[in-house]
Structure formats: structure tokens, C-alpha cells
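Data block below; observations after.
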Amino acid sequence: MLEKLFFSERNIMVAILLNAIILFALYFPAYRNNPGLEAVDHVFLLFFLLEAIVKVYVLGWRAYFRNAWNRFDFIIVMASLPSVLVTFVDIPDTSLLIILRLFRLIRLIRFFRFVPHLNKIIDGLGRALQASLFVLLALIFLNILLAIFTCHFYAEIAPEYFGDPLMSSYSIFQMFTIEGWNEIPAVIAKRIQENGAGGSFIGTTFIVGITRFYFVFVVLIGGIFGMSLANAVFVDEMTMDNNKILEGKIDKLQEEIAELKQLLKKRG
């Protein structure tokens, strides 16, 4: 009775949302470390802990842990308990204090269990990742290849973007996402024009033109074609369930049409 009265799914969902609002407020400078809000947050933790205890008492340990969502909830609640230590124990290490307080954010993950058709979404996500794995690997390899190539030619000109392979890889990924695709070549072109071609027999104007053409190629091959292909494969697999439902309805409709034709032939 107590479980149905206080710990229904609707009440749990409302409690998680209210707890999220409290945590949201706690990260404003004016309310950070506010004793009142901290106390309310601990009340929510106590509520979730009491929910787990009541469910274990009503269902029993075996029946409780047989349910995957109950195991998930129990782990989340236990993982967020260390955040209470901050109130009662003086912890001098700031980094440890931050980690312990971050544990309370884990409770908000429980809200995902109330997402409709979550199992279908997770299954679709698994299929999408599996189907797009080759495309993602190809994009990673292309990113590394272009990062090394760009680092070789532009490391000295733009060290903040291409100073080493890791920085270069990040900058190339930015261009794959169409982020800064025109700013980076503009910086490089400006520096080449200011410093000249470095004694090369090729003119400065030609080098600037080749540079711009190269980065347009990077954006086209990685950003427009590569990322679009990965997105298309991913979305197609995510919506596969809907396609199967439509195919099933079409097959059933075709069977009914065939049966109707046979009835008409018999009457004719």
C-alpha cells in the first residue's frame, strides 16, 4: 500500500524533476552551498533510498533484483549516497569534494527509465552504431590522414591549429563539423601574405590559392560528404523499426487483396 501511495512511477518522476530543479539552482553562484537547498537535496535522496527499501521489503531481495530497472535504480541511489558525506564530514581536498558532489547528479539519470519505448530506442541505437561503424572508422582514418598532412605543411604557419598531430586532428574535426572552416584558412592566408612564401620559387598568391582550395576539399570530403553519409546511415537504422512495421502492413494488405481477388474470381 505504501509503495503504491508514495512510490508510484508518477510520484518518482515528479520527485526526479523537482530534484533536478534544486540541483540546477545549487550551481548558481548566489545559491551555491546554500544550506537550505542542500538540505532539500538530501531529503530527495532520503526519499529515493526509502523507495528502494520499501520495494525490497514488499517484493523481497530476489524479486526486486530480478527486475533490471530496480537494479538500475538501486545502483544509482547507492552511487549518490557519498554526496551526503560532504555535509557531515570535513573534506579538505577540493577535488574530492567536487567528485562527491557530482555523485548526486547521477540520480537524474533515473528519469530516462520513464522515456516511452526506451527499449526500442536503445535497440535502434545499437543497430545504428553497428551499421555506421565502418563509416565512422573511415572518417577517423581520414581525419588522422588529413591531420598529419596538414600538420606537415602548416605547423609553423599556424601552430595553434596544427602545431602537433593531436591539435591538427581536432582542427580537422572542427572543419568536418563545418566549424571555423573559413576562419582557419583566412588566418593561414593572412600569415602567408604577411611573411611571404619563405623564399620559395612559387608565388605567395599561388600558395594562398592552393591553401584555400585544400581546406575547401577538407570540408567537402569530410564535412559535407563524410558526415552526411554517417548521419544518413545512422538515421536509416534508427528508423528501421518503423520501416518494418510499414512493410508488415503492406504485406498484410497484399494478402487481403489477393484473397479478395480469389473471391471475386470464384463468384465470377
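Laid out as a table, the results:
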quantity: Matching entry among Leu145, Leu139 (being without any contact (Cβ under 8 Å) to a residue 24 or more places away in the chain and under 22 Å from Val233 (Cβ atoms)); calculated: Leu145
quantity: Conditions (1) assigned to a helix (DSSP H, G or I); (2) out of contact with any Pro (no Cβ under 8 Å at 6 or more places or on another chain): number failed by Trp181; calculated: (1)
quantity: Scope region 28-43; condition under 23 Å from Glu9 (Cβ atoms) and modelled with pLDDT of 85 or more; matching residues; calculated: Val40, Val43
quantity: Filter result for Met175 (at pLDDT 80 or above, in contact with an Asp or Glu (Cβ under 8 Å, 6 or more places away or on another chain) and not acidic (Asp, Glu)); calculated: no
quantity: Qualifying position, being at pLDDT 85 or above and within 29 Å of the chain's Cα centre (by Cα), among Ala15, Ala25, Ala63; calculated: Ala25
quantity: So Glu156, is it in a loop (DSSP other than H, G, I, E, B), assigned by TED's automatic domain parsing to the domain that holds Gly222 and modelled with pLDDT under 90; calculated: yes
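Residue-wise test of (1) in contact with a helix residue (DSSP H, G or I) (Cβ under 7 Å, 6 or more places away or on another chain); (2) in contact (Cβ under 8 Å) with a residue 60 or more places away in the chain; (3) exposed (fewer than 13 other Cβ atoms within 10 Å of the Cβ).
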position	(1), (2), (3)
Gly126	no, no, yes
Ser132	yes, yes, no
Val135	yes, yes, no
Phe149	no, no, no
Glu156	no, no, yes
Pro165	yes, no, no
Ser171	yes, no, no
Ile178	yes, no, no
Ile192	yes, no, no
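The values are calculated or read from the model by the stated rules, or taken from the named source; none is laboratory data. The structure displayed is predicted, hence computed values, not measured ones. Glycine also receives a Cβ, built like all others from the backbone with ideal geometry; neighbour counts cover every protein chain displayed.
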